[in-house]
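The structure under discussion is supplied below as structure tokens; questions concerning it will follow.
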Amino acid sequence: MAADNLPSEFDVIILGTGLTESVIAAACSRVGLRVLHLDRRNYYAGNWASFTFNGLLSWIEEYKAQQQTPSTTSEQGWNDQIEDEEEVVFLSSVDSSISNLEVFSYASDKSEDDELLNSPVVGSLPKAAEEMNGCHKEAQDLGSSSACTQGDGDPHNLEVKNQDSCLSEESKKTDQQPIRSPEQAVEVKKKITYAMLLKEGRRFNIDLMSKLLYSRGLLVDLLIKSNVSRYAEFKNISCILTCHNGKVEQVPCSRADVFGSKQLTVVEKRMLMKFLTFCLDFEQHQEEFKDFTEIPFLEFLKCKNLTENLQHFILHSIAMVSQDSPTINGLKATQHFLRCLGRYGNTPFLFPLYGLGEIPQCFCRMCAVFGGIYCLRHSVQCLVVDKESGKCKAVIDTHGQRISCSHFVVEDSYIRDDQRMQTTYKKISRAVVITDRSILPSQSDHQISLVTVPPLEPSSPAVRMVELSSFSMTCMPGTYLVHLTCSSSGSAHEDLAPVVSRLFHVPSSCTEESIQGSEENEKPVVLWAMYFNMRDTSGFENSSYNLPSNVHVCTGPDDSLGSDYSINLAELVFHQLLPDEEFCPPAPNPEDIIYDGDQGEGAIFEGDSQKEEAVIEGEDGSQAHKQHGATCSSEPAESTDSIGHEILTEYDIQSPPLGNSP
Amino acid sequence: MHGRVKVKSTAQQEEEKRKEREKKLKVYLTVRDAIFKKRSNSELDEEALQLTQQLLASNPDFATLWNYRREIFLHLETVKEEEEMQKLYEAELLFIEACLKVNPKSYGSWHHRGWVSYRLPRPDWKRELVLCDRCLSLDDRNFHCWDYRRLVVKVSGVSVEQELQFTDRLIGSNFSNYSSWHYRSTLLPLLHPQPASDPAPACQKHTHTPTVPTASPQTHGHRVCEEQLLKEYELVQNAVFTDPNDQSAWFYYRWLLGRAEREEVISCVYVSREGERVAVAFSKPVNVVSLMLVLDGQPQQQVEWRSVHPRFRHSPVWLCELPPSSISDINNEHNLTVHWMEKHTQRDCALYTGRTESWCRDSATDQELFRSELSVEKTSVLQSELQSCTQLLELEPQNKWCLLTIILLMRALDPLGHEKETLAHFQTLKEVDPMRSSYYSDLCSKFLIENTILKMEYAEVRVFSLSDKNLSTLCHLDQLLLVTHINLCSNQLMKLPPQFAMLHCLEVLEADDNAIENLEGLYHLPNLEEVSLKNNQISKISDLSPLATCPKLTRLDLRGNPVTKTADIEAELAKLLPSLTDLLL
């Protein structure tokens, strides 16, 4: 089906497949609107996407290419479709929401066979060789974001570079061979090489935006209410850690944690439990905090005679607010955290197996099931605005087709700067790090941990870190995928590299990692790292844009841990579109649906999903399957279905964490 | 709007559901009748197995059907090969598992599982343990599963260490769990028993011969070696500081602090020359059958032992009359020995010339009688426990468990020294836990009586005085065997219980200003001369009848009692108590 076969009229056209847009799409489609959902990328979820390792490398390539070739708008072919009383508003054809991308690879690149073959020879290599190719970091620091990624983005380039470094590493190994015990030898064999990352790249699902689901957050409620939860599986975060006094410690947040904690004295245990119990229904105890509401939370904690230890845990890991946020916010955040505890396990958070990118796709699937039409690699060039009413009547898509709509919903990154009231943005700093072991060595390898890192220096930002094991289906066995997130004060690298080097062993040269016995060796070794900034438009409102009133801009993702911002926004936009309709009512059970051949509506479940698949294939051709998530909307969800999903319902509250590890 | 999915209306859905249910019920009843018919025809075949399975799958609490299945299996065992039975029973276990998913607390299913596991030719106890663990991880308080688990552990010989680790794990995940704590209390004495010789500090572990936990602490010596005890105290402290309102940890704490059992001994022998009577007190109530009294080397076979009150078959005090004139001559010296045959123990008592009475005993102070309620001997341990509880109390001044534990620890350490604080804590307890204020009053009375006994013994007098202390109950009366004067004025006593008859030497009783309405305990007190019961609640002449058994009673003060309003009171009393010379009404 060619693109110009798209119907020429829709109720809503939605551009961008991030979480907010996907939820709006599902909600609209669910109540019967005709929805066209487009994304210029060849994958779903926009800045919420998750990539395989190889997919991420391609994404980096694309980013690089985009930096190099400035886009040109071409206005041709469709001018005749614009009538006199209409004007056009152009959209941006480039996505500039990502910046300062830097990539570092430290994994040696040698297959095991090669190592065995080469080792005798390499063992005698002169030391100078290692110095020469020691690290890429220095080289990269020289260039700006786009320049420095040039080499690293390309797997081939990396392979070459790393080959040398690995040789020298091998020389070290051979030197030390005689004193090694057999066990150590085995461990060495397991060392992850860059080739292995590539080979096992499909096992990765690397999130661009790192978030967790609060067990009683809006997103979980929505997933349950709308039955979208059936398309995904979840795992409870197994522990909450914090970086305290230079050490990684477990945060005692549940009753069982407090009981079992070895770091707290019994008196601290009592103080903590007492404070947490108070927070659970703090509104009932006005007298305790009424003099503090606007005073910093930290002052309140001090006033409650909590020890420095406890202040740290509560401020940074439980409330997760900054030192100067007012007490009332701290109390609310603590209360929310506590209310989420115990719903699905001993921590308040869930993580979707296969990565956060699953969630927008689940909503897209829901939208498609109710008749929404999907096109990837398909965008909108401009809006057609009726001069008199100032409303958007239609859009011109990338193929020059005019498609009418009564509402247009668009992700912020499609908006050109000249339509914005302000062009300075907040930014989120992100780092993605692949390591060789968990940050808390004693843990079993089934874990997903949230690590809160308070500001290292008073001026630096508080960093949130999520460490995923391979049981989260986001990285290959033997590796850990670590996401670092903070609101930017500088570039992502400036913000986050100090934390990475504090918590991990970043080889200054690839040889260093084989040094035995040094303290650095106890830390997880960084195999690969990526830094980038993402625009945070969450502060913007519709009035921040100079756009027709029936154009709704979806901002975000924001830098918070949960997704409440995006869900709130989705509901808000939905009610602007349809003030009287319910937002995502539960999907009916298949057996309750009346199949009525004459009306053709009953066939939605089979018919429409096929139709929508066909559209996408026509659009993307063979490329559709290149990327994970770039196929039809139902497919990613089905891939998780086949593992056997657990449906997120209220019944599960007492049961062990969702999504038993397959 | 277009494209809306049509959904059946709720009424339609309800109707369908109702029909569905009716259909199910019909099938259920038919199958049930078929089963009962087969059973009454004694058909023990596999068809019956299938039918019962069908019903039990949806209703696993149908006990009759499980019984029927057992009958069938027992029959099949006689006709089938072992291998076939193994398969059948294994299938049965799978089926029960499904039933447990329907109702994890089905008595029938768990019981049947135990039965099948025993019948299984080659049981797989490991799998059963795994099943229990899974069940307990879903509901750690499912006592059916705990019971079954204990059975599995017993027959499969899981080591005590492993079981202790198991309780560690469960307590770690949720310490509000009596089952885990209790299980721990049965395991610890087996794994870390207190060394036989008391002062040895080291822990002796049974690492080489894993014992199987079978006995409960009631039947075993249940002391735990000190090293382990200290670890347990720490564990409990973590629990009570984390959640001081959770009683399971406090109960375990009480168990750890112990409840020492006193040795069974004869604690006192008293002989009265005038009454020609011997009273024997024991360390705890006994039912005496084999006491042998030897007087001056002559076994007295014919004496009859009686308890102080006919209500008691078990009593800590027993009496016997000596043959007339056997000791009445004040110029003679006599030696008595009481042998307690069962316990191979005895006590001597010498009645010297010129003495009218004599006794030989262990005093309460010698025995540290009232401290022994907590078995931890080490003062330093108790002291540090008291410290941490006090610390907790500072944080939680209203916590009843903490208050009560502090009281117990104080008593174990120094009952007299801490008396004032103890009383203050009792006051707080009554305020924060008014539902149990009577319990606290009784407990407080008990401690006050203990303290008064101690004070009396230090002073070496036979006068017991405890007035104006809000006493609500009387106890430890066996310790007052030798008391001649007792003052219980201005308390809240409502009766003088039968135990009061143990005050065998009592001459003067003052119990004014109480609420006494019952004098049952003033029974056969041979020396009682004066009774003052002003302002009490004695209302009927018949309430005074026990006094008739006290031969020496001459003075009785009943002023301020309802009974004084009775018509003809003086005449009635003269009839009832002819020995009275001094009656105040």
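When you go through A:V321, A:V384 one by one, which is the residue that is buried (at least 19 other Cβ atoms within 10 Å of the Cβ), under 30 Å from A:E83 (Cα atoms) and away from chain B (no Cβ under 14 Å)?
Among A:V321, A:V384, only A:V384 is buried (at least 19 other Cβ atoms within 10 Å of the Cβ), under 30 Å from A:E83 (Cα atoms) and away from chain B (no Cβ under 14 Å).
Further, regarding this structure: Restricting the range A:97-120 to residues that are more than 30 Å from A:E411 (Cβ to Cβ) and of a type in the set (D, E), which is modelled with the lowest pLDDT?
By that ranking, first place goes to A:E115.
Going through the range B:382-412 one residue at a time, which ones are farther than 16 Å from B:A249 by Cβ, open to solvent by 20 Å² or more (accessible area, probe 1.4 Å) and away from chain A (no Cβ under 14 Å)?
Answer for the range B:382-412, where residues must be farther than 16 Å from B:A249 by Cβ, open to solvent by 20 Å² or more (accessible area, probe 1.4 Å) and away from chain A (no Cβ under 14 Å): just B:Q383.
Hey, among the residues in the range A:247-265 that are free of Cβ contacts under 8 Å to residues at least 12 places away in the same chain and out of contact with any Gly (no Cβ under 8 Å at 6 or more places or on another chain), which one's farthest from the other protein chains (Cβ to nearest Cβ)? Even if it seems obvious, please write down each step before you answer.
Within the range A:247-265, the subset free of Cβ contacts under 8 Å to residues at least 12 places away in the same chain is A:247, A:259-262, A:265.
Then drop every residue that is not out of contact with any Gly (no Cβ under 8 Å at 6 or more places or on another chain), which leaves A:247, A:261-262, A:265.
Details: A:K247: 21, A:S261: 8, A:K262: 10, A:T265: 9 Å.
Here the answer is A:K247.
Taking strands (runs of 3 or more DSSP E) that do not extend beyond the range A:389-464, which have at least 2 residues that are basic (K, R) and crowded, with 16+ Cβ neighbours inside 10 Å?
A:426-435
Of the conditions (1) β-branched (V, I, T); (2) within 14 Å of chain B (Cβ to nearest Cβ); (3) more than 25 Å from A:Q447 (Cα to Cα), A:T293 satisfies every one except a single condition; which number is it?
(2) is the only condition that A:T293 fails.
Looking only at the range B:117-155, count every residue that is aliphatic (A, V, I, L, M) and touching a residue at least 40 places away in the same chain (Cβ under 8 Å) and tell me the total.
1
Would you point out the residue of the range B:137-148, among those that are of a type in the set (A, V, I, L, M, F, W, C) and away from every other protein chain (no Cβ under 12 Å), that is surrounded by the most Cβ atoms within 10 Å (Cβ to Cβ)?
Across the range B:137-148, the extreme among qualifying residues is B:C145.
Restricting to the range B:322-334, name every residue that is without any contact (Cβ under 8 Å) to a residue 60 or more places away in the chain and open to solvent by less than 80 Å² (accessible area, probe 1.4 Å).
The first filter runs over the range B:322-334 and keeps only residues without any contact (Cβ under 8 Å) to a residue 60 or more places away in the chain, leaving B:322-333.
Within the range B:322-334, B:L322, B:P323, B:S326, B:I327, B:S328, B:D329, B:I330, B:N332 qualify.
Within the range A:266-274, identify whether any single residue is modelled with pLDDT of 90 or more and away from every other protein chain (no Cβ under 14 Å), and answer yes or no.
No, because not a single residue in the range A:266-274 is modelled with pLDDT of 90 or more and away from every other protein chain (no Cβ under 14 Å).
In addition: For the range B:474-493, how many residues meet the condition of being open to solvent by 40 Å² or more (accessible area, probe 1.4 Å) and either under 23 Å from B:V317 (Cα atoms) or free of Cβ contacts under 8 Å to residues at least 12 places away in the same chain (or both)?
2
Then there's this: Find the strands (runs of 3 or more DSSP E) located wholly in the range B:498-585 whose residues include 2 or more that are surrounded by fewer than 16 Cβ atoms within 10 Å (Cβ to Cβ), and list them.
In the range B:498-585, B:582-584 are the strands (runs of 3 or more DSSP E) which contain 2 or more residues that are surrounded by fewer than 16 Cβ atoms within 10 Å (Cβ to Cβ).
Give the residue that is surrounded by the most Cβ atoms within 10 Å (Cβ to Cβ), with candidates limited to residues of the range A:349-369 that are in contact with a Cys (Cβ under 8 Å, 6 or more places away or on another chain) and not in a strand (DSSP E or B).
My answer is A:C367.
So, in the range B:230-284, exactly how many residues are hydrophobic (A, V, I, L, M, F, W, C) and outside any strand (DSSP E or B)?
Qualifying residue count, the range B:230-284: 14.
Same structure again: For residues that are within 12 Å of chain B (Cβ to nearest Cβ), surrounded by fewer than 24 Cβ atoms within 10 Å (Cβ to Cβ) and of a type in the set (D, E, K, R), tally how many sit in the range A:8-45.
The qualifying residues number 3.
Quick one: is B:K8 under 30 Å from A:R34 (Cβ atoms) and within 14 Å of chain A (Cβ to nearest Cβ)?
yes
With respect to B:S532, determine if the residue is modelled with pLDDT of 95 or more and on the phi > 0 side of the Ramachandran plot.
So B:S532 fails the test.
Check whether at least one residue in the range A:262-276 is open to solvent by 60 Å² or more (accessible area, probe 1.4 Å), outside any helix (DSSP H, G or I) and touching a Phe, Trp or Tyr at 6+ places or on another chain (Cβ under 9 Å), and report yes or no.
Yes - at least one qualifying residue is present in the range A:262-276.
Only one of (1) surrounded by fewer than 18 Cβ atoms within 10 Å (Cβ to Cβ); (2) within 14 Å of chain B (Cβ to nearest Cβ); (3) not hydrophobic (A, V, I, L, M, F, W, C) is not met by A:G372, so which one is it?
(1)
Yes/no per residue for (1) exposed (fewer than 11 other Cβ atoms within 10 Å of the Cβ); (2) part of a helix (DSSP H, G or I):
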position: B:Q12; (1), (2): no, yes
position: B:K23; (1), (2): yes, yes
position: B:S42; (1), (2): yes, no
position: B:L56; (1), (2): no, yes
position: B:P60; (1), (2): no, no
position: B:N67; (1), (2): no, yes
position: B:R70; (1), (2): no, yes
position: B:L88; (1), (2): no, yes
position: B:E97; (1), (2): no, yes
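Here's the yes/no breakdown for (1) within 27 Å of the chain's Cα centre (by Cα); (2) among the hydrophobic types (A, V, I, L, M, F, W, C); (3) exposed (fewer than 14 other Cβ atoms within 10 Å of the Cβ); (4) not assigned by the TED database to the domain that holds B:I171:
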residue	(1), (2), (3), (4)
B:P244	yes, no, no, yes
B:Q247	yes, no, no, yes
B:G275	no, no, no, yes
B:A281	yes, yes, no, yes
B:V288	yes, yes, no, yes
B:L293	no, yes, no, yes
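Quick check on the range B:165-185: of everything there that is open to solvent by 20 Å² or more (accessible area, probe 1.4 Å) and under 19 Å from the mean Cα position of the chain (by Cα), which residue is farthest from the other protein chains (Cβ to nearest Cβ)? Before the answer, list the steps.
Looking only at the range B:165-185, we keep the residues that are open to solvent by 20 Å² or more (accessible area, probe 1.4 Å), and these are B:165, B:168-169, B:172-174, B:178-179, B:182.
Now drop any that are not under 19 Å from the mean Cα position of the chain (by Cα), which leaves B:178-179, B:182.
Details: B:Y178: 16, B:S179: 16, B:H182: 18 Å.
In this case the residue turns out to be B:H182.
B:P121 versus (1) open to solvent by less than 50 Å² (accessible area, probe 1.4 Å); (2) over 22 Å from B:S156 (Cβ atoms): which is the lone unmet condition?
Of (1) open to solvent by less than 50 Å² (accessible area, probe 1.4 Å); (2) over 22 Å from B:S156 (Cβ atoms), only one is false for B:P121: (2).
Can you pull out the residues in the range A:231-259 that are surrounded by fewer than 19 Cβ atoms within 10 Å (Cβ to Cβ) and outside any strand (DSSP E or B)?
Answer for the range A:231-259, where residues must be surrounded by fewer than 19 Cβ atoms within 10 Å (Cβ to Cβ) and outside any strand (DSSP E or B): A:N245, A:G246, A:A256.
The values are calculated or read from the model by the stated rules, or taken from the named source; none is laboratory data. Fair warning: this is a prediction, and the values are worked out from it, not measured in the lab. For neighbour counting, all protein chains shown are included, and Cβ atoms are generated from backbone atoms with ideal geometry for every residue, glycine included. Side chains are part of the model used for accessible areas, which takes the heavy atoms of the whole protein and leaves out ligands, DNA and RNA. Shrake-Rupley method; radii C 1.70, N 1.55, O 1.52, S 1.80 Å.
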